[in-house]
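Worksheet: the structure to be examined is printed underneath.
What follows is calculated from the coordinates using simple rules that are stated; it is not laboratory data. On a predicted model such as this, the values are computed, not experimentally measured, just so you know. Don't worry about glycine lacking a Cβ; one is built from the backbone with ideal geometry, like all the others, and counts go over all protein chains shown.
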Amino acid sequence: MSETITADFAELPVRRDIRVNRGRSFEERFTVSLSIEDGNPQTIDFSEATAYEVRFRDSEGTVRSFDLAEHAAAGKVTVRLTPSQTTTLAAGRQEWEMYFEFPIGSTDFPSGASFSLFEGVADVHTMIPAE
Amino acid sequence: MNVPFNAVAFNTPLGAARLPGVDIERLSILICDPRHTAINVLGRTSVNQCIRRRRADIDLTSRLLATDIPRHPTAIHISRDELSMEE
């Protein structure tokens, strides 16, 4: 059963801590919608986004960014990191965020928008190798 | 009175206010209050241009307000579709 988080758009990003194992793939999928006042939620058309990425910043201040694997209509966003991508992340606690930009004139953000949907701590872990 | 180069004020001395070759309907800024006396100097055509421009500005403002107001998002709903997956 999926969990649903409801937040004030003006108070984004939503806090979310994740764990990433280096050398292993990582994937999360979300469906995101907006409701105006008390109206029915309507899914965001993420295909109109011009920037859609996850960013990691390690303790040295080094930033690594990866485009989302999916940013589609009907509110669909997917972050999918390959084993080779997670290997590039330094082990330890990092800051991470999921960032979007929408252009002026887009369906859901006529005035344009740039926002982070999530932010939090990414615990980047190195797995114990087999003997 | 200082008048921006792309504006015309019809209640200023008209000899100075009217810029040669200016298309009134294409001005980006228009300080426009056509008075009866302006017709004597500018002519009926220019005054009609000015009146149409003012109406266009009002229509544009109304359309902008109409498109902007209903689209203010207030809440965002995030459903997690799948658990994180590892190979």
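The table that follows gives values for the structure above.
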quantity	calculated
Nearest-20 debye value, the stretch A:1-80 charge dipole, Cβ charges on Lys, Arg, Asp, Glu	560
Order of A:Leu89, A:Leu34 under a 10 Å beta carbon neighbour criterion, fewest first	A:Leu34, A:Leu89
Stretch gain in nm, segment A:Arg24-A:Thr87, where the contour uses 0.36 nm per residue and the Cα spacing is subtracted	21.9 nm
Qualifying GluC sites (Glu not before Pro) in the stretch A:1-84, DSSP loop, other Cβ atoms within 10 Å at most 15	A:Glu3, A:Glu37, A:Glu60
